[in-house]
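Student: Have a look at this one before I ask anything.
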Amino acid sequence: MSGEAVCRRVAVAVAALITIVVGLFELHSASDELSITKRFVGETPVTIFRPLMAAPSPVIVIAHGFAGSQQLMQPFAETLARNGYIAVTFDFLGHGRNPVPMRGDITEGETITAELLKELTEVASFAQKLPQTDGRVGVLGHSMASDIVVRFAKANSDVEATVAVSVFSPVATATAPRNLLVIVGALEPAMLRNEGLRIVNLGAGGTAIAGETYGNFADGTARKLVLARGVEHIGVLYSRDSMVEALRWVNAAFGKRQQGFIDNRGRWLALVFLGIVALAWPLSALLPVASEAPAGAGLGWNQLLIAAFVPALLTPLLLWKLPTDFLPILLGDYLMLHFLLYGTLTALALRVLGKHSSPVGSALVSWKGIAIAAAAVAAYNVIAFGLPIDAYVFSFLPIPARLPLILAIACGTLPYFVTDEWLTRGRNSRRGAYALTKFCFLVSLAIAVALNPMKLFFLVIIVPAILLMFLAFGLVSRWSYAATRHPLPGALASAAVFAWGIAVTFPMIVR
């Protein structure tokens, strides 16, 4: 490597580190002036956000949505706590670090809903007895939890304010729960926007429009729909519009007027992860060369299109009627099979196309180099990305019950990423091949959801997350390939981080 190239990599490394440090500093500073303590209600992990030196205050219990954890709700918790409230977040059954699985059939819903409602009731009872509370309570919930908080507030008339984010709830009425704010991302599916409008219309005589308040807070009939600008189902949790409107709503319900700190961590999270991705490029120069010549299929466009589209179409069709409930993790077992079958079909396509040489290569390959590079890249993917994710986004460090699930799901992600990396790399690989195969995989998931919407609908929610993971870890694997000349290190590392992410994110369930 020339001196000029070394200087470029050093400059990028320094800039990336500065970016990461600045982002982490800003994220950490959001909790300034707060006392944050962790407790358990039974086996439910709970986090309490209190303002320092505060007078007795209302408590707001905050609940996350499907496949989330309490870290996702930190922006609301810190915004409310920095403005004089006591905020309490927790991990629902089967989610995050809660070791107790959900029980029931997700398509039936009633059993699981009753369990989640019972858990919220226990956490709210705990929260109302905390020191510094004045006895008044509000609730806030996202997606799956929007219905749970509405049910809880409807059954408990002492709940003064309810905030339902990305709402669906068949039990809301014109007067219950008291003082209901509905927040929906402007880019969320129309069905959620329409559901929010339907709920507010119950108290507005069918004339409701977004941004207008109907009813009044004194008798508990206040209703409002807010469309958070430019955000979708996850982005709505980081939107300034969401924070401002939620704070204004609880202020009006509890007779407060101050508005100070508003969490705006989205830009800082982006800065941190941009820096982590960028840092991978200069670090990749430290990886050992694993192949004397660039390895990979190196397909032309005609062959590439066949190898990309055939698995995308066949995988959801072949899995359509097959039983896929065999792991104690909701949807994780289906994703494992989807990855596994997709990778198998890709391998068969490569064989039919005459590109059946093994991805592990020949005598030209250094197994030691592959092992060292794969371990290094996998560690970077899991640790460098995982620690800030666990602190500021969602639960990423697994509890013991989830460790076997990582290994089980890796049985699917490993064949997929090994064959996909081999398909898209090589001396004559086409520019855009990686993007094409990832697009085809997302199309394949969309077909699966269309064939079985009742069971797989929640996969729609994670598409933005999968897209971001493909982008970030695709760049890491590309730089790994450039350094090692072999697709296997990047493939193994991507398989590891995807298996890890799926296993720690999707809820554990006993059917």
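Here, each number is a calculation from the coordinates, and none is a lab measurement. Note that the coordinates shown come from a computational prediction; the quantities given were computed from them, not determined experimentally. Using ideal geometry, Cβ is built from the backbone for each residue, glycine included, and neighbour counts are taken over all protein chains shown.
Student: When a/c reaches 1.5 or more, the comparison of a/b and b/c decides; with that in mind, is region 33-264 rounded, prolate or oblate per its Cα gyration tensor? All intermediate terms of the calculation are to be shown ahead of the outcome.
Tutor: Values: a/c = 1.42, a/b = 1.10, b/c = 1.29.
Rounded.
Student: Something else about it: Would you work out the relative contact order for region 430-511, in percent, from Cα pairs under 8 angstrom that are 6 or more residues apart? Before the final figure, lay out the partial values.
Tutor: Values: 26 pairs, mean separation 13.4, N = 82.
For region 430-511, the relative contact order is 16 percent.
Student: Still on this model: Relative contact order of region 336-430: what whole-number percent is it, with Cα pairs under 8 angstrom and at least 6 residues apart? The partial results should precede the final answer.
Tutor: Details: 49 pairs, mean separation 58.1, N = 95.
Worked out over region 336-430, it gives 61 percent.
Student: Mind listing the long-range amide H neighbours of residue 41? Cut-off is under 5 Å, sequence gap 5 or more, other chains count too, H placed in the peptide plane at 1.01 Å from N.
Tutor: Close amide H contacts, sequence-distant or interchain: 46.
Student: Moving to a separate point now. Out of (1) 50, 32, 24; (2) 34, 29, 23; (3) 44, 26, 20, which label holds the value of semi-axes √(5λ) of the Cα gyration tensor in Å that was computed here?
Tutor: Computed from these coordinates, semi-axes √(5λ) of the Cα gyration tensor in Å corresponds to label (3).
Student: Right, another one. Expressed in nm², what is the orientationally averaged projection area of the convex hull enclosing the Cα positions of region 289-510?
Tutor: Details: hull surface 47.0 nm².
Its Cα hull, projected and averaged over all orientations, spans 11.8 nm².
Student: Hey, another quick one. In whole Hz and in residue order, list the ³J(HN,Hα) couplings for region 207-213 that follow from phi through the Karplus curve 6.51 cos²θ - 1.76 cosθ + 1.60, θ = phi - 60°; x for Gly and Pro.
Tutor: In residue order, the calculated couplings are 10, 5, 10, 5, x, 9, 9 Hz.
Student: Measuring from label point to label point, each 7 Å out along Cα→Cβ, what is the residue 28 to residue 317 span in nm?
Tutor: If labels sit at residue 28 and residue 317, their model points lie 5.5 nm apart.
Student: While we're looking at this one, here's another question. Just from its helices, what would the mean residue ellipticity at 222 nm be for the chain, if runs of 4 or more DSSP H residues each count -39500 (n - 2.57) and the sum is divided by every residue, rounded to the nearest 500 deg cm²/dmol?
Tutor: Only helices count here, giving -17000 deg cm²/dmol.
Student: So how far, in whole Å, is the C-alpha centre of region 264-325 from the one of region 145-211?
Tutor: Centre-to-centre (Cα) distance: 39 Å.
Student: Could you go through region 28-45 in sequence order and give the Karplus-derived ³J(HN,Hα) for each residue, using 6.51 cos²θ - 1.76 cosθ + 1.60 with θ = phi - 60°, rounded to whole Hz, and x for Gly and Pro?
Tutor: Using θ = phi - 60°, the values come out as 5, 5, 4, 8, 4, 6, 10, 9, 10, 10, 10, 9, 10, 10, x, 9, 7, x Hz.
Student: Only bridges whose two residues both fall in the chain count here: according to DSSP, what percent of them are antiparallel, nearest 5?
Tutor: Given both bridge residues lie in the chain, the antiparallel proportion sits at roughly 35 percent.
Student: Neighbouring Cβ atoms within 10 Å as the yardstick, rank 142, 233 fewest first.
Tutor: Lowest to highest Cβ neighbour count: 233, 142.
Student: Could you list which residues have their amide H under 5 Å from that of residue 425, counting only those 5 or more apart in sequence or on another chain, with H placed in the peptide plane?
Tutor: Sorted by chain and number, the residues that satisfy this are 297, 298.
Student: For the ranges 143-156, 393-406, 27-40, what's the packing order if you count other beta-carbon atoms within 10 Å of each residue, average per peptide, and put the highest first?
Tutor: 143-156, 393-406, 27-40
Student: Where does helix 332-352 land angle-wise versus the long Cα axis of the chain, in degrees 0 to 90, nearest 10?
Tutor: 20
Student: Continuing with the same structure: Taking amide H positions as placed in the peptide plane 1.01 Å from N, state which residues far from residue 57 in sequence (5 or more) or on other chains have amide H under 5 Å from it.
Tutor: Amide H neighbours of residue 57, under 5 Å, 5+ apart: 133, 134.
Student: Follow-up question, since we're still on this one. If I stretch the segment between residue 465 and residue 53 completely, what's the gain in nm (0.36 nm per residue apart, minus their alpha carbon distance), one decimal?
Tutor: Additional length available on full extension: 144.5 nm.
Student: Straight-line reach from residue 38: which lysines have Cα under 22 Å away, leaving out those fewer than 8 places along the same chain?
Tutor: Partners found: 118, 129.
Student: Can you work out ³J(HN,Hα) from phi for every residue in region 477-484, in order, using Karplus 6.51 cos²θ - 1.76 cosθ + 1.60 and θ = phi - 60°, giving whole Hz and x for Gly and Pro?
Tutor: So the Karplus estimates, Gly and Pro as x, are 5, 5, 5, 4, 5, 4, 7, 9 Hz.
Student: Which FRET efficiency value, to the nearest 0.05, do you get for residue 511 and residue 454 by plugging their Cβ-Cβ distance into 1/(1 + (r/R0)^6) with R0 = 22 Å?
Tutor: Details: r = 15 Å, r/R0 = 0.67.
So the FRET efficiency works out to roughly 0.90.
Student: Provide the FRET efficiency to the nearest 0.05 for the residue 118-residue 325 pair, computing r from the beta carbons and using R0 = 30 Å.
Tutor: 0.80
Student: Now, a different point. How high is the relative contact order of the chain? Use alpha-carbon pairs under 8 Å, at least six apart in sequence, and give a whole percent.
Tutor: This gives 17 percent for the chain.
Student: Using only the Cα atoms of region 266-375, build the gyration tensor, take square roots of its eigenvalues as a ≥ b ≥ c, and label the shape rounded, prolate or oblate: rounded if a/c is under 1.5, else prolate if a/b is larger than b/c, else oblate.
Tutor: oblate
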